[in-house]
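Enquirer: First the structure, then my questions, so here it is.
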Amino acid sequence: MTRRPLIGGNWKMHLLRADAEAFCRHVQEHGAHPAAECVLFPSAPLLATVARGLAGSDFACGGQDIHPDDKGAHTGDVSGPQLVDAGCSWALCGHSERRQDHRESDQLIGEKALAAERNGLKPMICIGETADERKSGATFEVLDRQLNAALAGRPEPFALAYEPIWAIGTGETATPEIAQKAHARIRDTLADLIGSEAASSKRILYGGSVNPDNAAELIAQPDLDGFLVGGASLDPERFLAIVRCCG
Ligand code: PEP
């Protein structure tokens, strides 16, 4: 089955409005690659600016997080209806920095994925092991546990991102072989959960120190369908160079 490559740019807590506007102008002027789908994940205050700036382009906009409830007394959080209202069509669920900084549980991430789906947003569910888990041989066990919990309520997993924590923001990238083994395992587990035909249609993205120099050999792996990019997504030229490796 051919899967259209999907490339996400996770801006984390970076960039200001003027930077975001300049980024969108660059996208509008240079485009990406018609064969690939792209989505930017700016922080909440920039969502509306980015969604507006990307209008009419091939790029979509998504939230870096979503609260399981649609409204209520949850200071600092962002709801599904607010993401939709800001012009988003995607929501990241379970990024490792949310799991670590905010102690998000596997179960909570499943609830967030359901909230995204309920609001018509596409959940991009992030999973990945720590360096210690990999060293102790627990990688597949961790991936299976995170995936089972994230899909417990049976949300439609529009995309999954395999993001080994030891590779995020460290400059240490998984080798293509390591990434492929993890992606193949994720697809097998996904097949057990949603059936093999549905599993073979889902995009599984790799994230962890992706840059224009390592993207081509990673994307050549059969079960790797795109990237979730952090640091290299802050510069439009570097991000578009990665996108063009995926066409
Ligand atoms: C990320 O934050 O999802 C990520 C993969 O970051 P980086 O590309 O900087 O490692």
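The values are calculated or read from the model by the stated rules, or taken from the named source; none is laboratory data. What you see is a predicted model, and the numbers here were worked out from it, not measured in a lab. Methodologically, a virtual Cβ is constructed for each residue, glycine included, from the backbone with ideal geometry; neighbour enumeration extends over all protein chains shown. These area figures cover heavy atoms from the full protein model, side chains too; ligands, DNA and RNA do not enter into them. Shrake-Rupley method; radii C 1.70, N 1.55, O 1.52, S 1.80 Å.
Enquirer: State all residues of the stretch 1-49 that are open to solvent by 70 Å² or more (accessible area, probe 1.4 Å), within 16 Å of the ligand (Cβ to nearest atom) and within 25 Å of R203 (Cα to Cα); if no residue qualifies, say none.
Expert: none
Enquirer: Restricting the search to the stretch 113-131, which residues are open to solvent by 10 Å² or more (accessible area, probe 1.4 Å) and either aromatic (F, W, Y) or outside any strand (DSSP E or B) (or both)? Let's see the steps before the verdict.
Expert: First, the residues of the stretch 113-131 that are open to solvent by 10 Å² or more (accessible area, probe 1.4 Å): 114, 117-120, 122, 130-131.
Correct list: L114, E117, R118, N119, G120, T130, A131.
Enquirer: Anything in the stretch 194-224 that is more than 15 Å from the ligand (Cβ to nearest atom) and in a loop (DSSP other than H, G, I, E, B)? List them, or say none.
Expert: The answer is G195, K202, A220, Q221, P222, D223.
Enquirer: When you go through G137, G72 one by one, which is the residue that is more than 17 Å from the chain's Cα centre (by Cα), under 23 Å from I204 (Cα atoms) and not in a helix (DSSP H, G or I)?
Expert: On the way: G72 fails: under 23 Å from I204 (Cα atoms).
G137 is the lone residue from the list that is more than 17 Å from the chain's Cα centre (by Cα), under 23 Å from I204 (Cα atoms) and not in a helix (DSSP H, G or I).
Enquirer: Where the second residue is open to solvent by 70 Å² or more (accessible area, probe 1.4 Å) and away from the ligand (no atom under 13 Å from the Cβ) and the first is farther than 11 Å from E163 by Cβ and lies in the stretch 84-103, which pairs have Cβ atoms under 8 Å and are six or more apart or on separate chains?
Expert: G87/R52; W90/F158
Enquirer: A73: at pLDDT 95 or above and farther than 19 Å from I127 by Cα, yes or no? Steps first, answer last, please.
Expert: Details: at pLDDT 95 or above: yes; farther than 19 Å from I127 by Cα: yes.
Considered against the rule, which asks whether it is at pLDDT 95 or above and farther than 19 Å from I127 by Cα, A73 comes out as yes.
Enquirer: Which of the residues spanning the stretch 89-112 are in a loop (DSSP other than H, G, I, E, B) and away from the ligand (no atom under 16 Å from the Cβ)?
Expert: Step one: of the stretch 89-112, the residues in a loop (DSSP other than H, G, I, E, B) are 89, 94-95, 102-105.
Hits for the stretch 89-112 are S89, R103, S105.
Enquirer: For the stretch 226-240, which positions are open to solvent by 10 Å² or more (accessible area, probe 1.4 Å) and away from the ligand (no atom under 14 Å from the Cβ)?
Expert: Within the stretch 226-240, P236, E237 meet the criteria.
Enquirer: Specify the residue that is surrounded by the most Cβ atoms within 10 Å (Cβ to Cβ); the eligible residues are those in the stretch 140-172 that are away from the ligand (no atom under 16 Å from the Cβ) and of a type in the set (D, E).
Expert: Residue satisfying both the conditions and the ranking: D144.
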